[in-house]
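Colleague: Below you'll find the structure I mean.
Nothing in this text is a laboratory measurement; each read-out follows from the coordinates by a stated rule. Given the structure is predicted, the values throughout are model-derived calculations rather than measurements. Backbone-built Cβ (ideal geometry, glycine too); neighbour counts: all protein chains shown.
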Amino acid sequence: MGFLQDAPQLAHPYRSDRLLHALLDRALPTARRAALDADLDALGDYALMAWQRAAVTTRRKPVLTPWDAWGRRVDRIELTTAWQEGPGITTRHAVLASGHENHEHARLEEFARVYLYHVASEFYTCPLAMTDGAATALKASGNQALVERALPHFLSRDAATFWLSGQWMTETHGGSDVGHTETQARQGADGQWRLHGRKWFSSAVVGEAALALARPEGAGSGSAALALFYVETMDGAARKSGLVIDRLKDKLGTHELPTAEIHLDGLPAWPLGELANGVRQVAPMLNVTRTWNAVCAVASMARAIALARDYAGRRQVFGRPLVEQPLHAQTLADMQAEFEGAFALAFEVAQLLGRVEHGAAAPHEATLLRLLTPLAKLWTGKLAVRLCSEALECFGGAGYIEDTGLPQLLRDAQVYAIWEGTTNVLALDALRALAGDGLGALRGAIAAWLQDGDPHAAFAIDAALDAAASHLDAPSTDRAVLEAGARGLALTLARS
Ligand code: MFK
Ligand code: FAD
């Protein structure tokens, strides 16, 4: 046997993460920082174990068995190992519950956990995000009966009582434009609402609950006539007969995540609030899941760069390790710089969310949070694809070979820009957020961040914000011009 190349080794994802340590040391009071350490260390251990285990795992997709041997509809889904471990590891380390503790650092402490757990979770973080979003939307609805029924499960610290929630919005007509929703809510003589229709993407199909958009029978057309409903999917150990799983989708990536097409055939449902304006009621859920998306996209970048950096010390080219080749070292440094910007943006949103939710925010910070949430989601979604692609190239041909475990990083990254609002939809959402004083809030925040910083950076950012302001000042009748420039505007603001 001739030369054999060493595989890349993953350093401990928590202990080796200088950036995460610096952020937490800076942002958290000493006692809170110390108390967090054990959970983060354990999640780092899990991430390391999962990376090593993935190298010898062959089954990567869940399997749906619709019927049992005697012809009964069972819709049983066999999950991958990481998914089976999901409820245990996440409740033990309070991944969700920590975000709903009653203090301003709750969201930062939650998202530090999410960041470390995500890649190892095999996108179990997707239904976790939706569960977090459902908890947040239920709280915002003020529906005490549903809060008392669902939140003890959603935020449980015990796997035996933990429930996952789905988010049933997308139908065949559209995921961005949900105004065509065909699913109907019908109220029976017993007063119980029941849902009838088809949901085209359900990523938490093994979950015990969901929030669903549906059109109450007799309501008008369009999105304002939609209502938001809470549903439960299980009857003891069996799935309720009103929910049928048609099939699992065959996807480019996120293979371990069981994303299903489903039919609702009289599934009992409870409205969160008024029987209209369901989109407005689901918005708190969207903003939370978009924050998860940003943090998880950043986690994928961190993993790709960590592996590429390690490999650069192991691979010799033209007589020296790759890392000593100036151009490769520069390539890695450029990737790291872009990653650190994205990390800062995603975690700024996490911190703002915690402060706003707990009344600890400055007056402009709620406006800033509303704007930065879509910007962070769209920016990190696009950047994850670019950086994962660049990282694969850092391995040369090996980066293209399946059983190195590397191509999965790129396949999975593509989803961040699509679900929870595509790049264009989020750019248009940023326009919504800018309708108030979003730009003013951003300008103020940037000035504060750069107080002692580089004046050249401040000048460049000011110029970008001025360009954004002049685009927004276009005549208000010219909506088409405003929308056509929305992506450029959003990317400029996010980069700023
Ligand atoms: C591992 C990573 C974790 C990530 C997990 C991901 C799991 C993936 C699962 C999914 O993909 S779930 C499906 C996600 N679907 C979307 O994100 C939908 C994308 N489409 C949009 O966001 C559209 O812009 C939208 C559906 C909101 C358009 O609906 P409408 O009804 O045509 O919009 P309209 O009339 O502008 O807004 C209705 C109300 O909602 C308005 O308030 P008012 O009624 O008070 O005027 C809006 O201001 C408000 N609104 C909309 N978006 C908002 C918002 N409010 C706050 N925040 C927002 N983001
Ligand atoms: P479309 O809305 O048809 O978008 C097509 C193109 O049109 C996109 O490029 C978009 O940017 C663009 N576009 C749309 N509107 C505008 C506009 N006004 N201006 C400019 N461009 C526009 N959904 C759920 O509800 N629950 C789930 O659990 C779930 N899980 C998912 C899991 C996976 C793996 C994936 C891939 C999707 C999942 N989705 C889920 C669906 C997802 O949210 C939608 O696919 C997404 O919101 C886009 O909707 P669409 O597919 O209908 O595309």
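Colleague: Using amide H atoms built in the peptide plane, which far-off residues or other-chain residues are under 5 Å from residue 246 H to H?
Modeller: It is 261, 262, 263, by chain and number.
Colleague: Let me ask something else about it. Using 0.36 nm per residue, how much length does the chain from residue 402 to residue 9 gain when fully extended, once their Cα-Cα distance is taken away?
Modeller: 139.8 nm
Colleague: Pop a pseudo-label 7 angstrom from the Cα along the beta-carbon direction at both residue 198 and residue 314 and give the gap in nm to one decimal.
Modeller: The two pseudo-label positions are separated by 4.7 nm.
Colleague: To the nearest 0.05, how large is the calculated FRET efficiency for residue 92 and residue 411 if R₀ is 30 Å and r is the Cβ-Cβ distance?
Modeller: E(calc), rounded to 0.05, equals 0.55.
Colleague: What is the Cα coordinate range of the chain on the first, second and third principal axes, sorted by size from largest, in whole angstrom?
Modeller: Principal axes ranked by extent give 79, 65, 46 Å for the Cα atoms.
Colleague: Next up: Scan around residue 168 for amide H atoms under 5 Å from its own, H built in the peptide plane at 1.01 Å from N, and keep only partners 5 or more places away or cross-chain.
Modeller: Those qualifying (amide H under 5 Å, at least 5 residues apart or on another chain) are 211, 212, 213.
Colleague: In addition: List the lysines whose alpha-carbon lies under 27 Å from that of residue 251, not counting same-chain residues fewer than 8 positions away?
Modeller: 61, 199, 240, 377, 382
Colleague: Taking amide H positions as placed in the peptide plane 1.01 Å from N, state which residues far from residue 254 in sequence (5 or more) or on other chains have amide H under 5 Å from it.
Modeller: Here the answer is 412, since their amide H atoms fall under 5 Å of that of residue 254.
Colleague: Answer rounded, prolate or oblate for segment 37-129, using the Cα gyration tensor with square roots of eigenvalues a ≥ b ≥ c: rounded when a/c is under 1.5, else prolate when a/b is larger than b/c, else oblate.
Modeller: It comes out oblate by the Cα gyration axes.
Colleague: Based on DSSP H assignment, which helices of the chain show an axial Cα extent of at least 24 Å together with a mean Kyte-Doolittle hydropathy greater than or equal to 0.0?
Modeller: Helices passing the filter in the chain: 278-314, 326-357, 365-394, 455-472.
Colleague: Ok, one more. So if we plug the beta-carbon distance of residue 463 and residue 37 into 1/(1 + (r/R0)^6) with R0 = 45 Å, what FRET efficiency do we get, rounded to 0.05?
Modeller: 0.60
Colleague: Got a sec? How would 148, 483 order by Cβ neighbour count within 10 Å, fewest to most?
Modeller: Fewest-to-most ranking of 148, 483: 148, 483.
Colleague: Using a ≥ b ≥ c from the Cα gyration tensor of segment 165-279 (square roots of the eigenvalues), is it rounded, prolate or oblate, where a/c under 1.5 gives rounded and otherwise the larger of a/b and b/c decides, a/b for prolate?
Modeller: Oblate, because a/c is 1.5 or more while a/b does not exceed b/c.
Colleague: Sticking with this one: Pull out the extension gain between residue 65 and residue 274, defined as 0.36 nm times the separation in residues minus the alpha carbon to alpha carbon distance; nm, one decimal.
Modeller: The span from residue 65 to residue 274 would gain 71.4 nm if fully extended.
Colleague: For 162, 123, what ranking results if the residue with the fewest other Cβ atoms within 10 Å of its Cβ goes first?
Modeller: Ascending number of Cβ neighbours within 10 Å: 162, 123.
Colleague: Below 8 Å between Cα atoms, with a sequence gap of 6+, how large is the relative contact order for the chain in percent?
Modeller: Relative CO of the chain lands at 14 percent.
Colleague: What is the distance, in nm, between label points placed 7 Å from the Cα along the Cα-to-Cβ direction at residue 327 and at residue 424?
Modeller: Calculated label separation equals 3.7 nm.
Colleague: Sticking with this one: Of the beta bridges DSSP finds with both residues in the chain, what % are antiparallel, to the nearest 5?
Modeller: Given both bridge residues lie in the chain, the antiparallel proportion sits at roughly 85 percent.
Colleague: At 7 Å along the Cα-to-beta-carbon direction for both residue 334 and residue 362, put a label point, then send me their distance in nm to one decimal.
Modeller: About 3.5 nm, to one decimal.
Colleague: Continuing with this model, one more query. In whole Å, how far is the Cα centre of segment 56-104 from that of segment 356-415?
Modeller: Using only Cα atoms, the two centres lie 24 Å from each other.
Colleague: Which of 171, 182 has the fewest other C-beta atoms within 10 Å, and how do the rest follow up to the most?
Modeller: Ascending Cβ contact count within 10 Å gives the list 182, 171.
Colleague: Percent antiparallel among DSSP beta bridges with both residues in segment 80-225, to the nearest 5?
Modeller: If I count the DSSP bridges inside segment 80-225, around 45 percent turn out antiparallel.
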